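Inspection log for the structure reproduced underneath, given as structure tokens.
Read the figures in this text as sums done on the coordinates, not as results from a lab. As the structure is a prediction and not an experimental result, all values here were calculated from the model. With ideal geometry, Cβ positions are generated from the backbone for all residues, glycine too; neighbour counts draw on all protein chains shown.
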Amino acid sequence: MRSETVLNMEGISKSFPGVRALHNVDFTLRKGEIHALMGENGAGKSTLIKVLTGVYEKDAGQSILDGKPVHFRSPQEALSMGIGTVFQEIALCPNLTVAENMFIGRSRSRFVQWKEMNAKAEEMLSSLGIPASPTQELSSCSIAVQQMVSIARAIDMDCKILILDEPTSSLDEDEVQKLFALMRELKARGVGIIFITHFIDQVYEISDTITVLRNGELIGEYQTSKLPQIELISKMMGKALSDVSAIEKQEKSKSARSVPVFEATGLSSAAGVRPFDFTIEKGEVNGFAGLLGSGRSESVRAIFAADKVTGGEVKVNGKRVKLKTPLHAMKKGIGYLPEDRKRDGIIGELSVRDNIILALQVMKGFFRPLSRKQAEEFAVEYIQKLGIKTPSIDTPIESLSGGNQQKVVLARWLLTNPMYLILDEPTRGIDVGTKVEIQKLVLKLAEDGMSLTFISSEIDEMLRVCTRLIVMKDREIVGELSGMSLTEQDTMQMIAQGGK
Amino acid sequence: MRSLNTTRSKTRLSNSNLLFIIAGVIFVLMYGFALISYPGSFMQFQTFFDLFNLNAALFIITLGLCVVMIAGGIDISVGAVCGLVTMACALLLESPMGSILGALLLALAIGTAFGVMHGFLIAYLEIQPFIITLGGMFLAQGLLTTLHKDPINVTMPAFVALRNYTIEIPWLGTVNRLGYFIPSEIKPGVIVVVVLVILYAVLMKWSRFGRNVYAIGGNSQSARMLGINVKRTRFFSYVICGLTAGISGFVFLMTTGAGNIGNGALFEMKAIASNVIGGILLNGGVGNLLGAPIGTLTLLTINELIRAAGVQSNLQAIVSGLLLYIFIVLQSIVMALRGNERFRLTLPPWLKPQDKEVENQG
Ligand SMILES: Nc1ncnc2c1ncn2[C@@H]1O[C@H](COP(=O)(O)OP(=O)(O)OP(=O)(O)O)[C@@H](O)[C@H]1O
Ligand SMILES: [Mg+2]
């Protein structure tokens, strides 16, 4: 019943200094198949893709495309042989236009035909429903649009293979559906698609086959319909997932409620959120729910003064304060894990250790440096706590897998032990096992008296940890849910309708 | 879909063009101010043309450097290379086998040799451009003084003819006190400037190479993933810069007619300043090539203004320095205001600590 093979990778091995990223991995892709590549953070998924497309040189093994051994030296060569790739980290040039980003590096002609290129780009953008103009500079597009543009670039209508490495991490539900429709269309045309994601539901919705990697080794290839979710997860983790239902929110009784630690009235920022009121109490976990672009991130950025605050009053521990910069906020005991780790979060060339102690160092002031030994202890402690996979604490954070970079940024804030911690999409790109660990950690921290604001695109995750949800739409707070009405259905309804 | 729609899909001005327009406006204001303050000299067309006549070499150097700066690099050897070329060409022209064509070829060869060397070391061996071109600067200066210590006046008749050749513009000029119409004059070097400006502007806007230069300047890591040969593009940006420095040396000789160890001194700094004023960001990827001549004009106008004011000439340097501060800060503010990026100085990668090209990200 299986159709013919288009790609066969055999015995692939690849090591980096101190890490064996892939060891003797086989992978087969057939025509018209959507093949999910699954594994924990650092399992080697992205590395496998990069070896195939010529970003990395493999140590051993071979790739056979359409029966012929191939060896690509660059993603460009792979593309010219019909392999389109969307890499995990958006790899586009922010200073070029949208159209250029779709076509640069592909044309053989020595000159740029701007008119023709813009027309072609326009056509593709509108057929994919991407609201960007071809002549717009890419840096002026949102992350979601940038991600769609990089997908548009990879979809060459006559490609044989399309590779999508976590393409859905910054897309919302509608956009994901649009992408899936497109994938189904390509599948019908016989294109083989490799799909990497940490969203288990999406895998079951779209894929035919699943290949699982663990610690750089092949665990097996399975048909999606015949592999129950529980089994998939335990194959990825090498052990059973600790029971999610065991997570028990601490529903505080009214009387036990303590003082508010942070209060804001009429807060607004240059990023364009409507003035809003907001309060969080000691030991409370609340969350901002809403679609991407509804103003969730902008609201918390205003709280942390990450965007220029344009109005409103803020009280910390009941005392009026003026928070003008993130440093002020940090000094008052507020921490913030940003949504866009590439822009605000990591400093690529610095080591894992330096990235972890960064915030603590800033708060202590640069003239009172942490001792090396202290820094090392902190780093090691949190690497273990969060299960960060890194060859050593001196490894530059750039060479960690996407999910592990995210964990480092999280560790940085936990280390400062803030009184109030804001987490914007802390689990994006993080594997299921660690997701649960992080959720547990959040509840544990709250129990110990920390207040947290938690934002996630996955509503069930928010419902699991938050005792109160603030729902946003069009940059405005439209309602609040807590107690009995804190259910998936009510939340969805409020997000869709914008209040009752 | 909503989240996508909330983003602006209206095309707004690109950063390059915005900075270019700002540079243009500043130049116009500056020149307007000069016209009002010193109408006697600035009202004459000849004063404007003389900016080009006397500084053609600087205009040319700035163009080449602009390409490298857009690619995210720097070349501080250009001034010394220009000086070396003037001396080498002067020696050749004064020797029995001297010919203009020979001198021109020599100029191109010296420039290209430096460009190829720098390009190779920087692009393929991945060494810091600042250090490499600093070495190139010392090398060129050393060669220059080794060649000849004293000034050499070129007396070869054909070259003197070329040097003295002027092109009159009959329909543009000034009427002097006696009522005579004096047409404006331009030198052949200006033609070279104009041709190169057009050529390079086309190269940067319409050629595949030019767009690749922008891409690697914007984000070399991404450019590589997009299938651009980053090393080759970077290599050729330095070759072009070196070649242009060679041309500028020849044009310099055409302007002054003498080889001299002081020729081209500090041109690299003036060229960097001109580019920055012209809206070419030091950290690469942003800038319009036409900003290079605009920036040079602005810098020269300021110097002329100070001269017209009759104050000491060391004030020129002071004012140029202060101006550079202002421009860099201004650019940073403009960039910070548009992006939602935090305010930070737009420092180039070669000034940041330990900027190594790490093989790749996860
Ligand atoms: N350029 C590099 N230098 C050194 N080590 C690397 C490099 N790229 C990846 N690694 C290591 O190889 C391993 C596999 O990484 P890879 O990016 O393939 O993981 P992944 O499965 O894609 O994970 P994620 O789900 O987090 O994206 C990791 O341990 C990572 O640290
Ligand atoms: Mg990955």
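Descriptive notes on the structure:
- Ellipsoid equivalent to region B:166-272 - semi-axes via the Cα gyration tensor, in Å: 39, 19, 11
- Quotient of Cα Rg and 2.2 N^0.38 Å for region A:1-73, N being how many residues it contains: 1.11
- Rh (Kirkwood; distinct C-alpha pairs) - chain A, Å: 24.1
- The calculated FRET efficiency for the pair residue B:35 and residue A:372, based on their C-beta separation and a Förster distance of 60 Å, comes to about 0.45.
- Fluctuation leader among B:291, B:24, B:40 - chain B, Gaussian network, Cα springs under 10 angstrom: B:40
- GNM result for chain B, Cα springs below 10 Å: residue of B:50, B:75, B:150 fluctuating most strongly: B:150
- Distant-in-sequence amide contacts of residue A:6, defined by a placed amide H-H separation under 5 Å and a gap of 5 or more residues or a different chain, comprise A:29, A:30, A:31.
- Computed from point charges on the beta carbon alone (+1 for Lys and Arg, -1 for Asp and Glu), the dipole magnitude for the protein assembly as shown about its Cα centre is near 1160 Debye.
- Fully extended contour minus Cα-Cα distance, from residue A:199 to residue A:328, at 0.36 nm per residue: 42.8 nm
- Dividing the Cα radius of gyration of region A:5-237 by 2.2 N^0.38 Å, with N the residue count, gives 1.00.
- Share of Cα-Cα pairs in the protein assembly as shown lying beyond 37 Å, as whole percent: 52
- Counting Cβ atoms of other protein chains within 10 Å of each residue's Cβ and taking the mean over peptide A:129-136 gives 4.
- Integer Hz, Karplus 6.51/-1.76/1.60 couplings in order for region A:199-205, x for Gly and Pro: 8, 4, 4, 5, 4, 6, 6
- Each of A:135, A:109, A:152 was placed along the dipole of region A:5-237 (beta-carbon charges, centred on the mean Cα), and the one lying farthest toward the positive end is A:109.
- Close amide H pairs (under 5 Å, H built 1.01 Å from N) link residue B:279 with no residue at least 5 positions away or on another chain.
- Simple spin-label estimate for residue A:57 and residue B:45 in nanometres, 7 Å along Cα-Cβ: 6.2
- For region A:332-461, share of DSSP beta bridges that run antiparallel, in % to the nearest 5: 10
- Antiparallel content of DSSP bridges confined to region A:5-237, in %, to 5: 60
- Taking the three principal axes of the alpha carbon atoms in region B:1-152, the coordinate ranges are 74, 54, 26 Å, sorted in descending order.
- Protection proxy ranking of A:317-324, A:229-236 - average other beta-carbon atoms within 10 Å, highest first: A:229-236, A:317-324
- Label-point separation in nm, residue B:195 to residue A:384, each point 7 Å along Cα→Cβ: 7.3
- Sorting the segments A:480-491, A:375-386 by their mean number of nearby beta carbons within 10 angstrom, highest to lowest, gives A:375-386, A:480-491.
- Remark: region A:5-237 carries a charge dipole of roughly 720 debye about the Cα centre, counting +1 on each Lys and Arg Cβ and -1 on each Asp and Glu Cβ.
- Rounded FRET efficiency, nearest 0.05, which uses the C-beta distance separating residue B:120 from residue A:458 and R0 of 41 Å: 0.20
- Between residue B:134 and residue A:320, the modelled label-to-label distance comes to 5.4 nm, taking each label 7 Å out from Cα in the direction of the beta carbon.
- Charge dipole of chain A about the Cα centre (unit charges at C-beta), most positive-ward option of A:41, A:409, A:67: A:409
- The listed peptides B:54-66, A:134-146, A:209-221, A:91-103, ordered by packing as a protection proxy, come out as B:54-66, A:91-103, A:134-146, A:209-221 (highest mean of other Cβ atoms within 10 Å first).
- For region A:317-329, Karplus couplings with θ = phi - 60° (6.51, -1.76, 1.60), whole Hz, Gly/Pro x: 6, x, 9, 5, 9, 10, 9, 9, 9, x, 5, 4, 4
- Listed residue pairs exceeding 28 Å between alpha carbons, taken from A:178/A:226; A:389/A:440; A:187/A:407; A:324/B:270; A:45/A:385; A:58/A:440: A:187/A:407; A:324/B:270; A:58/A:440
- Principal axis extents of the C-alpha atoms in region B:106-149 (largest first, rounded to whole Å): 35, 20, 10.
- Shielding by partners for peptide B:208-220, expressed as the average number of C-beta atoms from other protein chains within 10 Å of each residue's C-beta, is 5.
- Its alpha carbons considered, chain B gives a radius of gyration followed by a Dmax of 21.5, 78 Å.
- Positive dipole terminus of chain B, leading residue within B:230, B:90, B:273 (C-beta point charges): B:230
- Candidates B:282, B:125, B:92: whichever shows maximal mean-square fluctuation once chain B is modelled as a Gaussian network with Cα springs under 10 Å: B:125
- Over region A:244-497, the hull volume per residue, using the convex hull of the C-alpha atoms, is 125 Å³.
- The mean count of C-beta atoms from other chains within 10 Å of the C-beta of residues in A:102-115, rounded to a whole number, is 4.
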